[in-house]
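FYI, it's all coordinate maths here, none of it is from the lab. Values in this document were obtained by computation on a predicted structure and should not be read as measured data. Methodologically, a virtual Cβ is constructed for each residue, glycine included, from the backbone with ideal geometry; neighbour enumeration extends over all protein chains shown.
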Amino acid sequence: MDALENAGRQPASVYRECTIFTTLSPCSMCSGTILLYGILRVIVDENRTFMGEEELLRSRGVSVEVLQNEECIRLMEEFIRNNPTLWNEDIGV
Ligand SMILES: [Zn+2]
C-alpha cells in the first residue's frame, strides 16, 4: 500500500505495465488493490510465514512468482517471534 501511495496518481496504462515486489504474500487488502489497479505481475519474496490471496490473484490473470527468499523468511520468523501480538494484530488473529 505504501509503494502504491508513494508512486502517486498514475494512469491505468502505467499500472498494467508494472511489476510489484512484495516481501510477503499479498494480504486480502493488498491483493484487492493489485486487482483494482490492474497490476498483472507480482513477485513475492516468501509465503511460508504468511499465505495471502495468491490463488485469487492467479484466478484473475495475475502472474505471481514466489522466490522463497531465505533471508526474508529468517527476518519474518524473527520478527514474529519477537512481536507476536503485533503480528497477530496485523494478520487479524
Ligand atoms: Zn497487505
Degrees, to the nearest 10: 70-82 long Cα axis against longest axis of the chain:
60 degrees
Given the options F79, F50, F21, state which has the largest fluctuation in a GNM of the chain using a 10 Å cut-off (strictly under) for Cα springs.
F79
May I ask you to work out the translational diffusion coefficient for the stretch 1-41 at 10 °C, viscosity 1.306 mPa s, via Stokes-Einstein with Rh from the Kirkwood sum over Cα pairs, reported in whole µm²/s?
152 µm²/s
Out of residues 5 or more away from V66 or on other chains, whose amide H comes under 5 Å of its own, with H placed 1.01 Å from N in the peptide plane?
V44
When the chain is fully extended, how far beyond the present Cα-Cα distance does N83 get from M29, taking 0.36 nm per residue of separation?
17.3 nm
Any GluC sites (Glu not before Pro) in the stretch 1-68 that lie in a DSSP loop and have at most 12 other Cβ atoms within 10 Å would be E17
By how many degrees, 0 to 90 and rounded to 10, does the Cα axis of helix 28-37 deviate from the longest principal axis of the chain?
20 degrees
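Given only helices, namely DSSP H runs of n ≥ 4 each adding -39500 (n - 2.57), what is the per-residue ellipticity at 222 nm of the chain, to the nearest 500 deg cm²/dmol?
Result for the chain, helices only: -13500 deg cm²/dmol.
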Check which residues have an amide H placed less than 5 Å from T23's amide H, if you skip close sequence neighbours.
D45
When only C-alpha pairs under 8 Å and at least 6 residues apart count, what is the relative contact order of the chain, in percent?
24 percent
If the stretch 2-90 were replaced by its equivalent ellipsoid, with semi-axes equal to the square roots of 5 times the Cα gyration tensor eigenvalues, what would those be, largest first, whole Å?
25, 14, 12
